[in-house]
Amino acid sequence: MKKLETDVVVIGGGATGVGALRDLAMRGFRAILVERADLGQGTTGRYHGLLHSGGRYVVSDPRSATECAEENDIITALHPDAVEATGGLFVVTPYDDPAFGDEFLKGAQATGVWAEEISVEEALRREPRLNPGIKRAFAVNDKTVDGWAMLWGAVRSARKHGGQVLTYHRVDDIVVDNGQVVAVKAHGTKTGEDVQIDCRFVINAGGPWSGQIAAMAGAEEVDVVPGRGIMIAMNHRLVNRVVNRCIYPADGDIIVPVHTVCIIGTTDVKVDDPDHLEIPRNEVQQMLDAGEALIPGFRDARAVHAWAGARPLVKDKRVSADDTRHMSRGMSIIDHQARDGISGLLTIAGGKLTTYRLMAKNIVDVMCDQMGEHRPCRTTEEIMPGTERGHNYTVTHRLADREKDRFESQIVCECELMNRKMFTQLLDSQPNATFDDLRRQLRLGMGPCQGGFCSMRAAGITQEIGRGDVKDITELMRLFLKNRWIGLWPILFGRQVRQTALDDWIFQGILDIEHVPTADDQEIKSKAVR
């Protein structure tokens with residue numbers, strides 16, 4: 001068994017876990033993050049891309065509204081490459097009560113969330129596809145954020161300050177000796193190697209899996225409730241600003257422009273297992289119907305992908321155990337020393353991607369108090385390495401880049417303007433990555449063809465540069481396409497059927513991909529994306 005030693009182990013490679021790693025490293029702690037799969041593969045990578053202004057919660061959750069409003073500006077400054085300053089609108093559709101707009105404005109003023117009522121004519125000028133029957137409109141400071149770009153920026157910063165990351169390492173045990181956490185045991189699912197990390201403290205940032213992780217240390221009944229929500233990406237921007245219905249938060253009440261698509265979301269249903277999230281067809285239809293209320297003709301656009309994520313909601317005694325829609329979105333820190341008599345263990349859940357830095361600060365502050373070490377947070381002091389130019393990205397940012405280098409490197413993915421150099425450079429730095437791991441950083445296969453063309457090119461390049469034998473690379477492509485398929489079958493209608501049929505003819509009819517030689521089953525299993 002491999003032995004490592006550190007001050008703090010962070011469990012969970014989502015935004016909160018990575019934020020905690022960065023915060024710890026910047027305060028001078030030795031810290032190692034352990035994640036069972038790839039970074040941002042859970043809740044962080046399965047949301048609608050909104051950087052909250054706080055407007056959504058000014059009535060339903062005032063504390064969260066204020067936190068979002070404050071962190072919105074901080075995240076925009078820290079992650080310029082990940083944030084697009086789109087702006088946003090809250091609109092009262094013909095199906096909504098105009099009086100709620102007064103509550104909205106009152107709540108915004110009370111929580112410090114900037115909001116301004118504008119005329120219906122001005123709202124339609126800004127977003128011509130809006131329902132012409134809207135009754136009121138309010139401008140807010142909503143933005144959009146690429147969660148993976150944000151997360152990897154924080155990883156670069158954490159590593160700069162000495163933080164370490166172990167992906168594809170499954171935590172099997174948290175060792176407690178006389179009521180004190182002393183080590184974490186993990187298994188490398190790609191390396192096959194067991195690892196023991198001796199430590200003084202563990203921060204449990206496992207999101208909807210936090211209860212399972214806490215139980216490894218003997219802390220039972222940590223009530224983190226997974227709330228499943230589905231989202232659908234449409235094939236182009238139907239709006240260029242975030243558009244919300246001005247109502248109490250409900251299903252399908254927001255459309256978010258992210259990169260070259262727009263995303264509608266989301267439902268909210270309690271589930272028992274965050275590893276198995278369905279995408280029910282009836283909820284897909286519910287989202288498309290909801291889109292029509294905001295954008296007439298929404299259904300005529302082409303849906304290109306659907307997915308589900310699990311919110312890590314802390315059980316709220318004020319509402320039913322199944323009512324995840326009305327559970328608080330605020331963060332919650334569980335002190336296992338006070339609750340379970342286990343020193344050196346904290347769990348954090350709830351919160352929003354927008355408040356990831358604040359969540360990290362708060363839990364590391366509690367840890368410092370328990371350890372009796374005063375080390376102030378410094379995470380607002382420097383932007384992420386590699387983003388020093390400082391201005392936020394626009395939807396055309398890759399187009400400008402390809403104009404500069406179009407003669408130097410071939411385009412591999414036309415939909416997302418990803419070129420060969422981008423692909424090979426990332427593969428050089430992460431030689432054991434799956435195509436899905438690369439997708440999360442490069443957006444490979446996330447456009448209208450959903451990998452129908454670019455996955456073959458990526459496989460060919462991988463073989464050409466000697467990153468594995470044909471069997472391994474073919475299996476990587478097959479796995480990539482299967483994961484794309486999960487988000488395609490629930491939306492097979494209209495033009496998406498024709499695209500999927502074309503892709504199927506290519507892979508089944510020409511390449512016969514299901515019958516090509518495969519790698520060893522055990523090797524395949526080690527590379528599988530969870």
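Remarks
- Computed from the Cβ-Cβ distance with R0 of 51 Å, the FRET efficiency linking Asp401 to Arg339 stands at 0.55.
- Potential extension, Ile74-Asp272 segment - 0.36 nm per residue separation minus Cα distance: 67.8 nm
- Between region 11-41 and region 362-386, the alpha-carbon center distance in angstrom: 13 Å
- A simple count of charges around Ala108, restricted to other residues whose Cβ falls under 15 Å of its Cβ and scoring Lys, Arg +1 and Asp, Glu -1, yields -4.
- Residues in region 1-94 average 25 Å² of solvent-accessible surface per residue, probe 1.4 Å, ligands and nucleic acids excluded.
- Where no second cysteine Cβ lies under 4.7 Å, the cysteines concerned in the chain: Cys68, Cys199, Cys246, Cys262, Cys368, Cys377, Cys415, Cys449
- Our analysis of region 436-517 gives Rg over Rh at 0.96, with the two radii drawn from alpha carbon positions and Rh computed by the Kirkwood formula.
- For the peptides 247-257, 355-365, 39-49, 277-287, the ranking by mean Cβ contacts within 10 Å, running from highest to lowest, is 355-365, 39-49, 247-257, 277-287.
- Highest average packing first - 459-466, 178-185, 505-512, 144-151, Cβ atoms within 10 Å: 144-151, 178-185, 459-466, 505-512
- Surface composition of the chain: carbon plus sulfur atoms contribute 50% of the solvent-accessible area (1.4 Å probe, protein chains only, all chains present).
- Helix-only CD estimate at 222 nm, as mean residue ellipticity for the chain, using -39500 (n - 2.57) per DSSP H run (n ≥ 4): -10000 deg cm²/dmol
- Solvent accessible area, Å² - Cys199, 1.4 Å probe, full protein context: 10 Å²
- Per residue, in Å², the accessible surface of region 334-443 once ligands and nucleic acids are set aside, probe 1.4 Å: 46 Å²
- Relative intensity of the chain on a log10 scale, I(q)/I(0) at q = 0.09, 0.11, 0.12 Å⁻¹, equals -0.65, -1.00, -1.20, per a Debye sum over C-alpha point scatterers of equal strength in the absence of solvent.
- Anchor Lys106: aspartates and glutamates whose Cα lies under 14 Å away (excluding residues fewer than 8 positions away in-chain): Asp61, Glu116, Glu117
- Asp173-Asn432 FRET efficiency (beta carbon distance; Förster radius 22 Å; 0.05 resolution): 0.35
- Note, ³J(HN,Hα) from phi for region 91-108, Karplus 6.51, -1.76, 1.60, rounded to Hz, x at Gly and Pro: 10, 9, 7, x, 9, 10, 7, x, 5, 5, x, 5, 4, 4, 5, 5, x, 4
- Electrostatic bookkeeping for Phe453 treats Lys and Arg as +1 and Asp and Glu as -1; over the other residues with beta carbon under 10 Å from its beta carbon, the sum is -1.
- Using the 1.4 Å probe convention, the accessible area of region 169-297 works out to 35 Å² per residue with neighbouring protein chains retained.
- Flagged links, alpha-carbon separation over 21 Å, of Lys2/Lys185; Lys143/Lys421; Lys135/Lys352; Lys143/Lys482; Lys3/Lys190; Lys3/Lys185: Lys143/Lys421; Lys135/Lys352; Lys143/Lys482
- Pairs of alpha carbons in region 170-314 whose separation is greater than 19 Å (percent): 62 percent
- Spatial offset of region 408-476 relative to region 50-93 amounts to 33 Å, using the alpha carbon center of each.
- Cβ-derived FRET efficiency at R0 35 Å, Gln285 paired with Asp102, nearest 0.05: 0.60
- Under 9 Å, Cβ to Cβ, from Met1 - net charge with Lys/Arg +1 and Asp/Glu -1: +1
The values are calculated or read from the model by the stated rules, or taken from the named source; none is laboratory data. What you see is a predicted model; the values in this text were computed from it and never measured. Here Cβ is always computed from backbone atoms with ideal geometry, including for glycine, and neighbour counts include all displayed protein chains. For the accessible areas, the whole protein counts, side chains as well, though only heavy atoms, and no ligand, DNA or RNA atoms are used. Shrake-Rupley method; radii C 1.70, N 1.55, O 1.52, S 1.80 Å.
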